[in-house]
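Single-structure report; data block below.
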Amino acid sequence: MVDLTTSYMGLRLKNPLVASASPLSHTLAGIKDLEKGGAGAIVLFSLFEEQIHHESALFEHLLTSGTQSFAESLDYFPSVNEYETLPEQYLALIAQAKASVNVPIIGSLNGMTHSGWIQYAKKIEQAGADALELNIFYIPDVTHSSAEIEQRYVDIVKTVKSVVSIPVALKLSPFFSSTGNLMQSLDNAGADGLVLFNRFYQPDFDIQTLTVNSTLHLSSNEEIRLPLLWIAMLHGKVKASLAATRGVETSVEVIKYLLAGANVVMTTSALLRHGADYLSVLLSGLEEWMLTRGYASVDEMRGVMSQQNVANPEAFERANYIRILEGFKE
Ligand SMILES: Cc1cc2nc3c(=O)[nH]c(=O)nc-3n(C[C@H](O)[C@H](O)[C@H](O)COP(=O)(O)O)c2cc1C
């Protein structure tokens, strides 16, 4: 038997696999399935700033104008007439989930401004959520400097932390000029967790109809490299817990993320493809690998391949890139 328990933002989880925000948590039945499948914790789908403000006209405009203002879950917004009641339903779902399952329930808020939606952090806490994940998704226009944008992230963390006492994680995109430095600023501002990385909503063009195409693709394991790099770089350098999100297809990705230094590994695409029971397949793969390699606990294997622990830390640096280019053979 191996010890799969892990700690995430001060919460003790029975294992490091977390169901990330997705339509699988839209209903209580879905949440129960995720627990039955083996999730160590469940992040609920996001409540969007726009749903909270319910500015129907603006929202409708944003939806139809091909803007990139929202992350991939754009396609999964409820219809406009549904979302007037959605914030209240969301809070009720948290309360029901807390009464029905034993694993931690993490509420999720998705916003981009520094206004009214933040009050929902308090409401999510009052509804019983064990923690809160903030997905600050924002594509700045050309008038804003990097410093301004980064300050906005830091301010949101400080504001939310000042109104709730549950742990707060930030789900971020990798697109900052000094990603690691911003992570440290967010850590210093009080973020309890960093969820790396949000997938960006990137529209495509249909060249026959000349329309913007916003099809959502599920991830593949090729996508783990960027989060893997940053988790390996940040392990041991921030107080905040690290959560990996992106590209888990099999237990191999789960193992890699833990070796890089993740406290938890999140998954959505794999569960949408194979169902909530697939969590148990991922967990058995992890357990088997740990037994074969002689790891008694997840804590023991965490960070073994992080930049600070790996035998050749330059593998994460520019020098290695040059070596790879020089050694490339077709
Ligand atoms: C259909 C779908 C809906 C999603 N909804 C949300 C959401 O509401 N909030 C959020 O923060 N992330 C959302 N995500 C992103 C996932 O939580 C996850 O971070 C992303 O899919 C990368 O993980 P994966 O490679 O395991 O799929 C959604 C993803 C998908 C595919």
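What to note about this one:
- Residues Leu325, Leu109, ordered by accessible area of protein heavy atoms at a 1.4 angstrom probe radius and largest first, appear as Leu325, Leu109.
- Restricting region 209-278 to chymotrypsin sites (Phe, Trp or Tyr not before Pro) that sit in a DSSP loop and have at most 13 other Cβ atoms within 10 Å of their own Cβ leaves nothing.
- Per residue Cα convex hull volume in Å³ - calculated over region 272-325: 149
- Pairs of Lys residues in the chain are counted when their Cα atoms are under 14 angstrom apart and they lie 8 or more places apart or on different chains; the count is 5.
- Accessible surface of Thr211 - all protein chains present, 1.4 Å probe, nearest 10 Å²: 70
- For the chain, the solvent-accessible area with a 1.4 angstrom probe is 46 square angstrom per residue.
- Estimated dipole of the chain in Debye, rounded to 20 [Cβ of Lys and Arg +1, of Asp and Glu -1, Cα centre]: 900
- The largest accessible area among Phe205, Phe200 belongs to the first residue in Phe205, Phe200, and the rest follow in falling order (1.4 Å probe, all chains).
- DSSP beta bridge pairing in the chain, given as percent antiparallel to the nearest 5: 15
- Global form of region 211-330, assessed from the alpha-carbon gyration tensor, a/c cut-off 1.5: oblate
- Neighbourhood charge, 13 Å Cβ-Cβ cut-off, centred on Asn221 and excluding it, Lys, Arg +1 and Asp, Glu -1: 0
- Across region 221-262, the convex hull enclosing all Cα atoms gives 50 Å³ per residue.
- Spatially, region 186-228 and region 244-269 are offset by 16 Å when compared through their Cα centroids.
- Distant-in-sequence amide contacts of Phe48, defined by a placed amide H-H separation under 5 Å and a gap of 5 or more residues or a different chain, comprise Asn110.
- Accessible surface for Lys256 stands near 90 Å², nearest 10, in the context of the full protein assembly shown (1.4 Å probe).
- Per-residue ellipticity at 222 nm computed for the chain from its helices equals -11500 deg cm²/dmol, with DSSP H segments shorter than 4 residues left out and the rest contributing -39,500 (n - 2.57).
- Cubic angstrom per residue, convex hull over Cα atoms of the chain: 160
- Extension gain for Lys98 to Thr113 (0.36 nm times residue separation, less C-alpha to C-alpha distance): 2.5 nm.
The values are calculated or read from the model by the stated rules, or taken from the named source; none is laboratory data. Source: prediction; values computed, not measured. Ideal geometry is used to build each Cβ from the backbone, glycine not excepted, and the neighbour counts take in all protein chains shown. Accessible surface areas use protein heavy atoms only, side chains included; no ligands, DNA or RNA. Shrake-Rupley method; radii C 1.70, N 1.55, O 1.52, S 1.80 Å.
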